[in-house]
Structures are given as C-alpha cells and as structure tokens.
Amino acid sequence: MKTSIATLMIFALLQSFLSAREPLEIGSPAPQLTANDDQGERIQLGEALSSGTTLVFFYPKAMTMGCTQQACSLRDAWDELQTRDVQIFGVSTDKAELQAEFRAKHSLPFTLIADPEGHVCEAFGKGKYSRQAYIFHDGVLVWRDLKAATSNQAAEVLAALDELKL
C-alpha cells in the first residue's frame, strides 16, 4: 500500500514538471487571462500587465521558508520599487484564504494571486514547484528569471530594472 502511494506521488510530481509549457519568451505579449487575488476578487491580469512596468513572481507555497524570503525581499524593497512605478503580483497555487493569511502575516504590500487550478502558471509555462519572475513593460515581457532566488529576489529585480533602464 505504501509503495503504491509513493509511486503515485512520484508520478504526480513528475507529471507536474512535464505538463508545464515552455516559459514565455522575451518579447512575448502578456498572457490575457483572469485570476483571483488574495481577497477573492477577479483581476484581468492581461489588462494589469498592459501598461507601465509590472513584476510577476511565482513561488511554490505560501508560508514556507523560501517563499517567505522571496516575498519579504520584495516587501523590503517596496519603497524603491514604488519610486520606479513597479506594480507587483505574487502568484502561487495556494487558495485565496492562504494567500490572504500569508500577505497579512508578512505585511506584503502587493497583490497575491491565488492560482489553485494552475491556469496562470500554465499561461506562463511555469512548473508547479519552480520559482520564477517576469518583468513586463507596456504589456511585453522584457525580462525573466526562470530560477528566481529567494532572499535575493529584490536585488535581482532591481538590477534587471537598472539594466533595462526602467
């Protein structure tokens, strides 16, 4: 019985990695889809990414150590990111309730997107357990990090904004 459960878990994990599409390429338009935020409100994500500069970062699981470090690094750089007019969305496959708890517990000033069905992840070509970050400018992908860091996420984003002159 334990062997069959372990086999199913391994199969599910492999399937999640294999089922992801290719990540968005630089120059790609923003995916046009809707999603729920941490308050259960619908967001037209494509519209939100269509003007200005927006960071979309993905993390595997709210309330875990690495994901908390990643989100808090962006929280700690919030003032600098706001002087550059950067809008931020954090995305995980957690439900809205857990996202809201995560946001409140760590005083995250940006919107978190609840993607339990994985539609946003799929649109970006993100595997379920990977950590990624994307910068859009006026609806076009201008930077991506397919192996995003945890505590250094903000530094990497700020360096990319400098390089892009945004």
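Bear in mind that the values in this text are calculations on the coordinates, not laboratory data. These figures come from a predicted structure and were not determined experimentally. Here the Cβ is made from the backbone with ideal geometry for all residues, glycine too, and neighbour counts use every protein chain on show.
General remarks:
- GluC sites (Glu not before Pro) restricted to the stretch 25-64 and DSSP loop, no more than 10 other C-beta within 10 Å: E25, E41
- Comparing S50, L158, Y129 along the charge dipole axis of the stretch 2-164, the residue lying farthest to the positive side is Y129, per the Cβ-charge model.
- Taking each DSSP H run with n ≥ 4 as -39500 (n - 2.57) and averaging over every residue of the chain yields -12000 deg cm²/dmol at 222 nm.
- Acute angle (nearest 10 degrees) that the helix 2-19 long axis makes with the longest principal axis of the chain, alpha-carbon atoms: 30 degrees
- Pairs of Lys in the chain closer than 15 Å at Cα, counting only those 8 or more apart or on different chains: 7
- Cα gyration tensor, the stretch 93-144 - rounded (a/c under 1.5), prolate or oblate: oblate
- Restriction of the trypsin sites (Lys or Arg not before Pro) in the stretch 26-81 to DSSP coil positions whose beta-carbon has at most 15 other beta-carbons within 10 angstrom yields no sites.
- Cα gyration tensor shape of the chain, rounded if a/c is under 1.5, else prolate or oblate by comparing a/b with b/c: prolate
- For the chain, the longest principal axis of the C-alpha atoms and the axis of helix 65-76 are separated by about 10°.
- Considering only the chain, percent of DSSP beta bridges that pair antiparallel, nearest 5: 65 percent
- Helix 153-164 axis, angle to the chain major axis (alpha carbon atoms, nearest 10°): 50 degrees
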